[in-house]
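Notes follow the structure.
The values are calculated or read from the model by the stated rules, or taken from the named source; none is laboratory data. Please read these numbers as outputs of a predicted model, since none were measured by experiment. Because the Cβ atoms are built from the backbone with ideal geometry, glycine has one as well, and the counts that use them run over all protein chains shown.
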Ligand SMILES: Cc1cc2nc3c(=O)[nH]c(=O)nc-3n(C[C@H](O)[C@H](O)[C@H](O)COP(=O)(O)OP(=O)(O)OC[C@H]3O[C@@H](n4cnc5c(N)ncnc54)[C@H](O)[C@@H]3O)c2cc1C
């Protein structure tokens, strides 16, 4: 990297630092435009980035975090105004252990890796989380019999702490659950987390280690290691497609057509925090051949939530919650926990599912492209494992060594809620927080500063 270019690149990026709100009145559009043109020209003549990441969801942010720690010079481009606002803005905020993930799958491998590292990182970043445990509850004899198969599956997935609980033990742990449960499979390490804050912290940490993040930057083309973007051309030795719900259309920009996104919505019904004390763990139904069913859980901020549903859809945008589904979910929640009353709201997420079940990580060294697609239901839980897999692949499949010195040290992250209740502030940066779990539950939370 030519040293003389650095100040211009930094100065340019101050306009596009992720999610920082610059008042329109404070922007000098003509000089910004000139700067952009100069930057585009200089960028093309400068050394390329080691890696350009497309997409600032939890997967792209985790990949950015890990590669940056390995010493790769990285740039992340996000089409929307802020990171963490696609599929990552509508999930359950659970950190799964993988107890029910398919054995031998890449998904399970990534979740298992993530489990080893994530809790130390959550502590260092002061991100709210809780190992609250999960019960898969059997209400019928048939379901009770199925628990044995689930237990065996959990043990084969190396979740040795998973165990069958008697109804007495279940009700000791969850006294507010409706009567009639026969037993449960209990997985104590299942956890809840603020997944929005996790993604933001991944990105913020990377940014502090010299990574660049461009928001409102859409990738529109790719040829010979150069991305065409709404911010001008960007050159990178390797491009990593983490475009979530648009993974297939972004792949098509590189002439690749190996999968199709089949969006699947998931709706939730949310109860007020005054009912928080009623629930301690997550309550899963016994899955059927057709569905995993909806879960009753508590968020890290204390709301009780029922969901998500699973409906195939055509649209990749977040739809409005459907009133009929809302009523069904509220009824189901109150049936499971009779002390629950009127919900306070609802939200919807869209999963980037594909025609296949497993994660789809495909390598194309001949064109310098790596696709991380179809991370549909466990992207938070697998995020660090996916990032680790990608970083190994860069070395082994792409022969790409980091251009900078590695810096594995973790910096502590401190943050406080913005006054609007929908943002956090870290080191003078304001990050919008799109996730409803944060928006419903925030209460002027502050990490230790
Ligand atoms: C209902 C539901 C419940 C879930 N529950 C859980 C859970 O409890 N635990 C768990 O681990 N996981 C859960 N998940 C899964 C998890 O949320 C996803 O796996 C994860 O969010 C996928 O992240 P991503 O980064 O791949 O995609 P996204 O979050 O969609 O990010 C992709 C980004 O790419 C950007 N982009 C797209 N095209 C372009 C372009 N051309 N140029 C630039 N940028 C572009 C998009 O704007 C977007 O921000 C759930 C998902 C849903 C929907």
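Quick notes on this structure:
- Residues of segment 238-259 that turn out to be in contact with a strand residue (DSSP E or B) (Cβ under 6 Å, 6 or more places away or on another chain) and over 20 Å from residue 386 (Cβ atoms), as a count: 1
- Check on residue 238, under 17 Å from residue 63 (Cβ atoms), more than 14 Å from the ligand (Cβ to nearest atom) and crowded, with 21+ Cβ neighbours inside 10 Å: yes
- Residues in segment 419-437 that are at pLDDT 90 or above and part of a loop (DSSP other than H, G, I, E, B): 422, 427, 433, 434, 435.
- Looking across 244, 232, 255, one residue alone is more than 24 Å from the chain's Cα centre (by Cα), within 14 Å of the ligand (Cβ to nearest atom) and either on the phi > 0 side of the Ramachandran plot or buried (at least 21 other Cβ atoms within 10 Å of the Cβ) (or both). It is 232.
The rows are residues; the columns are (1) in contact with a helix residue (DSSP H, G or I) (Cβ under 9 Å, 6 or more places away or on another chain); (2) assigned to a loop (DSSP other than H, G, I, E, B); (3) modelled with pLDDT under 95; (4) surrounded by fewer than 22 Cβ atoms within 10 Å (Cβ to Cβ).
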{"position": "358", "(1), (2), (3), (4)": "yes, yes, no, yes"}
{"position": "363", "(1), (2), (3), (4)": "yes, no, no, yes"}
{"position": "372", "(1), (2), (3), (4)": "yes, no, no, no"}
{"position": "388", "(1), (2), (3), (4)": "yes, no, no, yes"}
{"position": "399", "(1), (2), (3), (4)": "yes, yes, no, yes"}
{"position": "403", "(1), (2), (3), (4)": "no, yes, yes, yes"}
{"position": "407", "(1), (2), (3), (4)": "yes, yes, yes, yes"}
{"position": "410", "(1), (2), (3), (4)": "yes, yes, yes, yes"}
{"position": "448", "(1), (2), (3), (4)": "no, yes, yes, yes"}
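- Residue count, segment 194-208 (criterion: touching a strand residue (DSSP E or B) at 6+ places or on another chain (Cβ under 9 Å) and surrounded by fewer than 23 Cβ atoms within 10 Å (Cβ to Cβ)): 1
- Residue count for segment 93-144, restricted to those that are closer than 20 Å to residue 56 by Cβ, in a loop (DSSP other than H, G, I, E, B) and within 13 Å of the ligand (Cβ to nearest atom): 1
- The single residue among 345, 379, 349 that is within 25 Å of the chain's Cα centre (by Cα), surrounded by fewer than 17 Cβ atoms within 10 Å (Cβ to Cβ), closer than 30 Å to residue 177 by Cβ and within 16 Å of the ligand (Cβ to nearest atom) turns out to be 345.
- Residue 62 surrounded by fewer than 24 Cβ atoms within 10 Å (Cβ to Cβ), near the ligand (Cβ under 10 Å from one of its atoms) and either within 30 Å of residue 231 (Cβ to Cβ) or modelled with pLDDT of 95 or more (or both): no
- Counted residues, segment 179-189 - those being touching a strand residue (DSSP E or B) at 6+ places or on another chain (Cβ under 6 Å) and surrounded by fewer than 24 Cβ atoms within 10 Å (Cβ to Cβ): 4
- Criterion violated by residue 440 - all others in (1) more than 15 Å from residue 69 (Cβ to Cβ); (2) assigned to a loop (DSSP other than H, G, I, E, B); (3) at pLDDT below 95 satisfied: (2)
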